[in-house]
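The values are calculated or read from the model by the stated rules, or taken from the named source; none is laboratory data. Here the structure is a predicted model, which means the values were calculated and not measured. For neighbour counting, all protein chains shown are included, and Cβ atoms are generated from backbone atoms with ideal geometry for every residue, glycine included.
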Amino acid sequence: MPSIDGDTLTLITQRVSDLYGVSAALIASRDRSPDTIECRTVIYVCLRDRGYRISEIGRAFGRDHSTVLHALNSVKRRPQLGRLAFLVSAGVLPAAPPRSLAAAAGPAGAIVHDYLRAITGQAPIRPTHCRAVAAIAGSRALQAAVRGQLEAWGHGGQWWRVELHARQLGYVWERGAPARAAAAG
């Protein structure tokens, strides 16, 4: 296989940079902070899965092949990095909410996007996702956008999770937009 082309390396680096919030320049630097090392490891796995040799990957980053080999071996101890690399490589982790979702969600767009990534197994569930569920439950337009985004990602069957979370938070799903259940008391 020929050496790594710049477009492939740039695309994967940008996806990982967006995901971790670490600049592409920092990833390419000699920085040894844990987040930067993890970013590089995910990129190494992506490139290795595409068939590039360890020596080529090392050359692309100005590192020895043994550094790349060590990082790839560390994935055995942290399999979540391998799964994350697969999702990055597949392009499943967009950097920002898609326009249709952002338009429907307004200021809650980022948290709704993160929540959808969580219910599809692309990110951890966070306590702040309650706000996303509240936003979804309160807007039929946002419900349609969320369903559309789940379908676009190939996870249309995950809508039941959104409904379940809404019910758990006290939202009643009926024919119209769901409403918060009245507090008993």
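Brief remarks follow.
- Residue ID - surrounded by the most Cβ atoms within 10 Å (Cβ to Cβ), chosen from residues in the range 14-58 that are within 18 Å of the chain's Cα centre (by Cα) and assigned to a loop (DSSP other than H, G, I, E, B): 22
- Reported count of residues in the range 109-144, each being aliphatic (A, V, I, L, M) and either on the phi > 0 side of the Ramachandran plot or not in a helix (DSSP H, G or I) (or both), is 2.
- Here residue 57 meets each of (1) modelled with pLDDT of 85 or more; (2) in the same structural domain as residue 147 (by TED's automatic domain parsing); (3) of a type in the set (Val, Ile, Thr) with one exception, condition (2).
- Scan of the range 115-158 for residues that are out of contact with any helix residue (DSSP H, G or I) (no Cβ under 6 Å at 6 or more places or on another chain) and among the aromatic types (Phe, Trp, Tyr), ordered by number: 153
- Residue match in the range 50-66 (condition: free of Cβ contacts under 8 Å to residues at least 40 places away in the same chain, in contact with an Asp or Glu (Cβ under 6 Å, 6 or more places away or on another chain) and not basic (Lys, Arg)): yes
- Residue 93 passes every criterion in (1) surrounded by 13 or more Cβ atoms within 10 Å (Cβ to Cβ); (2) part of a loop (DSSP other than H, G, I, E, B); (3) at pLDDT 80 or above apart from (3).
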